[in-house]
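Undergrad: To start, I am sharing the structure in question, which I have written as structure tokens.
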Amino acid sequence: EDLNMLDILSSFIICLAIPIVMFLGGILIKIIKPKMNCFFGYRSRTSMTNESKWDYANQYFANIWLLLGGIQFILYAIITFFIYFKNKNIDGTICVIIIVLQALVLTISLIFIEKKLNNKFDIKKNIR
């Protein structure tokens, strides 16, 4: 049984939500260039140590999320379209697998940013 257009569209949106958020988040950080605050930006214990770390972390975060969000969007859009046109359906299990893989990439990107921050700055918070 064919899904109606709203079901198909909602499945695509669900499967692509994380890359869209990552990409748009990267654009937003690049455009706004937030000053250190409690609400917006790449906020971690390490990044909020001082202004240098904050600026570096947010710049790096924006670049990584733009890149990974864009790549994942293209990749999973192609995969999702292929699955739909092959099966005339997007199974919920497939969406869950896609979302888990995307969440894994998101999490790894945050770990990578923290390691990059720790490598860039020494214990006294100076740039190496």
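The values are calculated or read from the model by the stated rules, or taken from the named source; none is laboratory data. Here the structure is a predicted model, which is why all the values come from computation and not from measurement. Ideal geometry is used to build each Cβ from the backbone, glycine not excepted, and the neighbour counts take in all protein chains shown. All accessible areas refer to the heavy atoms of the entire protein, side chains included, with ligands and DNA or RNA removed. Shrake-Rupley method; radii C 1.70, N 1.55, O 1.52, S 1.80 Å.
Undergrad: Checking Phe73 against (1) in contact with a Leu (Cβ under 9 Å, 6 or more places away or on another chain); (2) open to solvent by less than 50 Å² (accessible area, probe 1.4 Å); (3) not polar (S, T, N, Q), which single condition isn't satisfied?
TA: Of (1) in contact with a Leu (Cβ under 9 Å, 6 or more places away or on another chain); (2) open to solvent by less than 50 Å² (accessible area, probe 1.4 Å); (3) not polar (S, T, N, Q), only one is false for Phe73: (2).
Undergrad: Could you tell me how many of the residues in the range 26-43 are hydrophobic (A, V, I, L, M, F, W, C), part of a loop (DSSP other than H, G, I, E, B) and touching a helix residue (DSSP H, G or I) at 6+ places or on another chain (Cβ under 6 Å)?
TA: Number of matching residues: 1.
Undergrad: Would you be able to tell me the number of residues in the range 1-16 that are surrounded by 14 or more Cβ atoms within 10 Å (Cβ to Cβ) and farther than 13 Å from Tyr84 by Cα?
TA: Adding up the residues that qualify gives 2.
Undergrad: Do we have Lys35 as closer than 30 Å to Met5 by Cβ, surrounded by fewer than 12 Cβ atoms within 10 Å (Cβ to Cβ) and at pLDDT below 95 here?
TA: no
Undergrad: Right, something else. What are the residues in the range 1-58 that are within 15 Å of the chain's Cα centre (by Cα) and either of a type in the set (Gly, Ala, Ser) or farther than 23 Å from Gln102 by Cβ (or both), if any?
TA: Correct list: Ala17, Gly25, Gly26, Gly41, Ala57.
Undergrad: Restricting to the range 80-109, give me the number of residues that are in a helix (DSSP H, G or I), open to solvent by 60 Å² or more (accessible area, probe 1.4 Å) and either modelled with pLDDT of 85 or more or not basic (Lys, Arg) (or both).
TA: 12
Undergrad: Considering only residues of the range 74-89 that are touching a residue at least 40 places away in the same chain (Cβ under 8 Å) and over 16 Å from Pro19 (Cβ atoms), which is farthest from the chain's Cα centre (by Cα)?
TA: Looking at the filtered set, the residue picked out is Lys88.
Undergrad: Further, regarding this structure: So which of Asp122, Asp91 is farther than 19 Å from Gly41 by Cα and touching a Lys or Arg at 6+ places or on another chain (Cβ under 7 Å)?
TA: None of the others qualify; the one that does is Asp122.
Undergrad: Let me ask you something else. Sort out which residues of the range 16-33 are farther than 14 Å from Gly70 by Cβ and small (Gly, Ala, Ser), and write them in order of number.
TA: Ala17
Undergrad: If a residue has to be within 20 Å of Phe81 (Cβ to Cβ) and either free of Cβ contacts under 8 Å to residues at least 24 places away in the same chain or among the small types (Gly, Ala, Ser) (or both) to count, how many in the range 17-34 make the cut?
TA: Total satisfying the criteria: 1.
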